[in-house]
Structures are given as structure tokens and as C-alpha cells.
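Below is one structure, written out as C-alpha cells; the observations come after it.
The values are calculated or read from the model by the stated rules, or taken from the named source; none is laboratory data. Only a predicted model underlies this, so the values are computations on that prediction, with no experimental measurement involved. Using ideal geometry, Cβ is built from the backbone for each residue, glycine included, and neighbour counts are taken over all protein chains shown.
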Amino acid sequence: MLLWLPLFACLSLAAMADEGGSNLERQVKAAMIYKFLGYVEWPPGVFATPASPYVIAVAGAADVVDELRRITQDRTINQRLIVVQKVNSRSDLNRIHLLFIGDEYNKTLHSRLIRRAREHSMVTVTEVESGLDLGSVINFRLIDNRIGFDISLPNAGVQQVKLSARLLSVASNVETGSL
């Protein structure tokens, strides 16, 4: 599984432009979101039963929802199925394990969703310049015309999730300071 992350992170946007541009960018981000699940440890009690699925929720990125549903269909991670659902700023965030907030949401809505997500143990993933400052655990960004991601360990601590050292090793930047 770890081999997929560097592969996706190395895809350049110049190459993407030849193959559908933003569509391929969304496919890469969806694949990375799917793979992130395998590198997170949630606290006890987050899953209702040992067979409960992972729930990925997506706000403001319908194309990512469609791609995630395609990627995760009939697949498991750690013997758990994956459910993908759309949410908005007023949706119930209970029993969600990973929340992706697309760049279509403005800064205020990002902040509101992340504040609400902090009431639950989940990984929040964004794709805006100030994503980690807003409280996100993982934030996608372009690095030398490639898709990369940064991680905030303090934000992960607030969310009560532990990230694998293997995931941290492929991040472009890891914030380790206190909140």
C-alpha cells in the first residue's frame, strides 16, 4: 500500500494537463484519500462493531465522491469495507472516519466543518493554502507542479488519531509544534 503514495505524489500536473487536467488531479487525490485510511489508528470505540466500515465523507467535491466510490467499490482496508458519502456544513459528522473538504468551500465553511469535526475522532483532509492553519490534519498542495501533502501532528492529536510513521515519511512537510 505504501508504494502507491509516492507514485501518486510524483505525478506532475504538466502530465495531467495532457490527460484531462483537473479530472486526473481529482483521481489522484481520491486515490490518496483512500490510501490514507490504512495509515491511521483511531481510538477505541470509534467503530460501532468490529465489522463497521470506514466512512469517508466529502464536502464540496462531487467529482471526488464519484471517484472514491469507484475506487472503493468492493475493496477493504484492514478487513473493513469503505462507505463514501456526501456531506455539507450542516450534516451529522458522527461515525465519519475521514472528512475531505474540497476547495469549493470558502474559508468560513472550512473552519466551521473542521471545528465540528473536532468533536469526533476523524482525519480531516483539505486542499486549500491555509488548510493546516484552519485545523486540518492533512492538506493537499502543489509542490513543484506535483500533488503533495502536508500533515499537522498537533491537529491529529486534537482529533485523537495517530498517523503511521510510514505516512509521515512520504509527507512533504510535517508540523510537529504545539497548537
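Each row is one residue, and each column tells you yes or no for (1) without any contact (Cβ under 8 Å) to a residue 24 or more places away in the chain; (2) surrounded by 17 or more Cβ atoms within 10 Å (Cβ to Cβ); (3) farther than 24 Å from Gly148 by Cα.
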site	(1), (2), (3)
Met32	no, yes, no
Lys35	no, yes, no
Val58	no, yes, no
Ala61	no, yes, no
Arg69	yes, no, no
Ile77	no, yes, no
Val84	no, yes, no
Asn88	no, no, yes
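Of everything in the stretch 43-56 that's surrounded by 14 or more Cβ atoms within 10 Å (Cβ to Cβ) and touching a Ser or Thr at 6+ places or on another chain (Cβ under 8 Å), which residue is modelled with the lowest pLDDT?
Val46
Among the candidates Asp74, Asp66, which residue alone is farther than 26 Å from Ser169 by Cα, out of contact with any helix residue (DSSP H, G or I) (no Cβ under 9 Å at 6 or more places or on another chain), charged (D, E, K, R) and modelled with pLDDT of 90 or more?
The unique qualifying residue is Asp74.
Which of the following residues is crowded, with 19+ Cβ neighbours inside 10 Å and of a type in the set (Val, Ile, Thr): Val65, Val158?
So the residue among Val65, Val158 that is crowded, with 19+ Cβ neighbours inside 10 Å and of a type in the set (Val, Ile, Thr) is Val65.
When residues of the stretch 38-74 are filtered for being part of a loop (DSSP other than H, G, I, E, B) and within 22 Å of Asn23 (Cα to Cα), how many remain?
3
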